[in-house]
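Single-structure report; data block below.
The values are calculated or read from the model by the stated rules, or taken from the named source; none is laboratory data. Just so it is clear, the structure is predicted and the values come from calculations on it, not from any experiment. Counting neighbours? That spans all protein chains shown, and the Cβs are built from the backbone with ideal geometry, glycine included.
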Amino acid sequence: MEPGQRKPFSQNVTVFHGRWLPEAAMPVGYAALIDAYDLNVPMPTTLAAIGQRHRVYQADGWNLYTPRHKPDADLEGHLVFALRYEGLDLAVLKTLFCTVGPEPVTAIVKASPTGAYARRLWFLYEWLLNERLDLPDATQGSYAPVVDPARQWTIEPTTSSRHRVKNNLPGTPAFCPMVFRTPALDDFVARRLGDEARRLIADVPADLLARTAAFLLLKDSRSSFEIEGEDPPQDRIQRWGRVIGEAGRRPIDRVELERLQRIVIGDARFVHLGLRVEGGFVGEHDRLSGAPIPDHISARHEDLPTLIDGLTAFDRGAARHLDPVLAAAVLAFGFVYIHPFEDGNGRLHRYLIHHVLAERGFNPPGLVFPVSAVILDRIADYRRVLETYSRRLLPHIQWRPTDRGNVEVENETADFYRYFDATPHVEFLFECVARTVDVDLPAETAFLRTYDNFKARVQAIIDMPDRLLDLLFRFLRQNDGKLSKRAREREFAALTDEEVARIEAIYENT
């Protein structure tokens with residue numbers, strides 16, 4: 001038995017770690033490694049197995065491969081299979097490397113010093129663990145990409161001459177979520193949504209565009225509070241809206257995040273400002289005992305400084321070389337899983353989306369995509385996206401309740417927040433941004449054009465202040481173009497029946 005291996009690799013099974021397979025099959029790649037080495041790490045969303053049929057197919061969260069794809073039943077065989085067919089799962093790889101130690105990886109490289117997979121494993125071991133293996137620098141072998149760019153999103157590579165590989169990982173060892181290429185993401189990136197938005201507003205008059213931008217900004221700010229179940233006063237909504245409007249002007253680091261938290265909290269008498277100094281979770285408390293019932297457990301407070309440093313490095317490095325929407329999703333959802341503050345995390349998470357989009361020039365100048373408003377409309381989808389990782393993560397966190405109704409994490413968890421599959425999060429954010437381009441932006445500019453036309457035509461027949469014109473338009477809009485009996489008897493009692501009829505006709509024809 002190899003060092004670190006606890007049991008033989010699985011043979012044909014119909015159920016694997018509680019997950020049914022489409023047929024009796026042999027788990028391979030990451031699934032086999034997690035099982036054999038008893039790795040405490042979230043399972044990949046999709047697992048691989050060798051089936052009985054002579055065709056490759058996908059079903060029920062499994063990729064089934066043919067008997068000719070069967071790897072050798074050892075550490076190297078399953079690692080090479082994973083790299084070739086499953087892409088990189090950095091959390092699994094790092095946990096595995098820590099479990100087996102350096103000797104097996106060193107042996108793999110010595111046995112195949114020019115092999116591309118061996119050199120990639122060698123690089124990943126040293127990159128993830130910051131530990132140099134007892135190997136001389138490679139002198140032969142074509143330079144191979146660390147990440148298969150046809151399978152996962154990458155950045156422009158840097159050369160590692162020691163391993164003769166091209167490092168195209170989209171992050172650093174401190175923070176590097178991965179995103180799989182999917183047909184949906186390829187289509188979204190090809191659309192160039194930022195350019196579409198700029199073309200859409202190219203012919204909108206400046207004053208109308210300014211009003212559109214102001215409305216969308218306020219709408220986003222208000223929606224961000226509503227997502228958190230808050231109904232703050234208007235001045236607080238406007239204050240946070242002004243902050244969103246300035247997104248992208250300052251680089252993200254711990255000081256900037258703490259400044260933003262102070263703004264979003266406002267009254268901090270009962271909230272600890274700055275990084276948490278104890279555990280954190282998202283969920284409920286038992287009504288009788290007050291014990292925590294977590295849906296998500298945040299990163300340990302001891303790990304927060306290095307995790308925030310990882311976010312900062314990503315924002316200033318890899319994020320600038322990825323598609324803006326993809327980078328925004330990785331940064332923002334990484335932040336919300338870490339949950340570094342006692343309060344304000346949700347609004348700062350959505351602020352980070354605006355930060356990346358604005359900094360990269362994705363938004364048309366002066367315009368904010370009302371992402372929070374779209375998220376509010378799709379709140380169930382938003383929560384499902386968050387749970388795609390939280391639910392897989394929770395069973396691997398060992399915690400105990402504290403006497404203050406909080407949680408205390410008892411195992412090492414930092415890597416769970418550094419390395420996760422952000423594919424569903426990126427797809428969701430692209431859908432939200434596309435909705436703003438396809439629906440919200442044209443709808444708001446069309447609304448303002450309609451309102452301006454209505455206002456001008458009514459003022460041509462009746463001298464009425466803007467405040468009442470706004471109210472009149474709103475009443476008509478709420479009542480299918482008719483002025484209600486109540487409105488005619490109260491706010492607009494001075495209007496004659498003929499004037500009401502003319503106003504209703506104007507509304508119908510604008």
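Some values worked out for this structure:
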item	result
Selected residue [surrounded by fewer than 14 Cβ atoms within 10 Å (Cβ to Cβ) and of a type outside the set (Asp, Glu)] from 305, 292	305
Candidate set: the range 50-102, residues that are exposed (fewer than 15 other Cβ atoms within 10 Å of the Cβ) and of a type in the set (A, V, I, L, M, F, W, C); chosen: the one nearest to residue 413 (Cα to Cα)	59
Residue 289 vs. criteria in the same structural domain as residue 365 (by TED's automatic domain parsing), among the hydroxyl-bearing types (Ser, Thr, Tyr), under 30 Å from residue 405 (Cα atoms) and assigned to a loop (DSSP other than H, G, I, E, B)	yes
Residue match in the range 208-221 (condition: over 24 Å from residue 387 (Cβ atoms) and of a type in the set (Asp, Glu))	no
Among (1) in a helix (DSSP H, G or I); (2) among the aliphatic types (A, V, I, L, M); (3) in contact (Cβ under 8 Å) with a residue 60 or more places away in the chain - the single one residue 124 does not satisfy	(3)
Residues located in the range 355-370, provided they are modelled with pLDDT under 90 and crowded, with 24+ Cβ neighbours inside 10 Å	368, 369, 370
Some residue of the range 221-238 being exposed (fewer than 13 other Cβ atoms within 10 Å of the Cβ) and assigned to a helix (DSSP H, G or I)	yes
Hits in the range 178-196 - residues which are more than 19 Å from residue 150 (Cβ to Cβ) and either in contact with a helix residue (DSSP H, G or I) (Cβ under 8 Å, 6 or more places away or on another chain) or loosely packed, with under 13 Cβ neighbours inside 10 Å (or both)	191, 193, 194, 195, 196
Where a residue in the range 281-298 is more than 16 Å from residue 388 (Cα to Cα) and its partner, wherever it lies, is of a type in the set (A, V, I, L, M, F, W, C) and crowded, with 17+ Cβ neighbours inside 10 Å, with Cβ under 6 Å and at least six apart	281/297; 281/407; 292/281; 292/407
Count - residues of the range 126-150 that are of a type outside the set (A, V, I, L, M, F, W, C), more than 14 Å from residue 80 (Cα to Cα) and buried (at least 17 other Cβ atoms within 10 Å of the Cβ)	1
Options 456, 443, 380, 434; residue that is assigned to a helix (DSSP H, G or I), crowded, with 16+ Cβ neighbours inside 10 Å and small (Gly, Ala, Ser)	434
Options 284, 278; residue that is in contact with a Ser or Thr (Cβ under 9 Å, 6 or more places away or on another chain), surrounded by fewer than 21 Cβ atoms within 10 Å (Cβ to Cβ) and in the same structural domain as residue 370 (by TED's automatic domain parsing)	278
Any pair with Cβ under 8 angstrom, 6 or more apart, that starts in the range 469-484 at a residue that is assigned to a helix (DSSP H, G or I) and ends at one that is buried (at least 18 other Cβ atoms within 10 Å of the Cβ) and among the basic types (Lys, Arg)	469/455; 473/455
Qualifying residue in the range 434-445 (condition: over 22 Å from residue 194 (Cα atoms) and under 24 Å from the mean Cα position of the chain (by Cα))	no
Residue match in the range 73-85 (condition: part of a loop (DSSP other than H, G, I, E, B) and either farther than 28 Å from residue 26 by Cβ or touching a residue at least 60 places away in the same chain (Cβ under 8 Å) (or both))	yes
Residues satisfying the stated conditions in the range 240-259, i.e. closer than 15 Å to residue 220 by Cβ and surrounded by 16 or more Cβ atoms within 10 Å (Cβ to Cβ)	240, 241, 243, 244, 245, 247, 248
Residue among 217, 208, 200 that alone is part of a helix (DSSP H, G or I) and more than 18 Å from residue 371 (Cα to Cα)	208
Unmet criterion (only one of (1) more than 24 Å from residue 91 (Cβ to Cβ); (2) assigned to a loop (DSSP other than H, G, I, E, B)) for residue 38	(1)
Sole exception among (1) assigned to a strand (DSSP E or B); (2) in contact with a helix residue (DSSP H, G or I) (Cβ under 8 Å, 6 or more places away or on another chain) for residue 20, by number	(2)
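Rundown of residues vs (1) closer than 24 Å to residue 379 by Cβ; (2) among the hydrophobic types (A, V, I, L, M, F, W, C), yes/no style:
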| position | (1), (2) |
| --- | --- |
| 251 | no, no |
| 255 | no, yes |
| 265 | yes, yes |
| 270 | no, yes |
| 273 | no, yes |
| 277 | no, yes |
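For every residue, the table says whether it meets (1) closer than 30 Å to residue 172 by Cβ; (2) acidic (Asp, Glu); (3) assigned by TED's automatic domain parsing to the domain that holds residue 284.
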residue	(1), (2), (3)
427	yes, yes, yes
454	no, no, no
486	no, no, no
497	no, yes, no
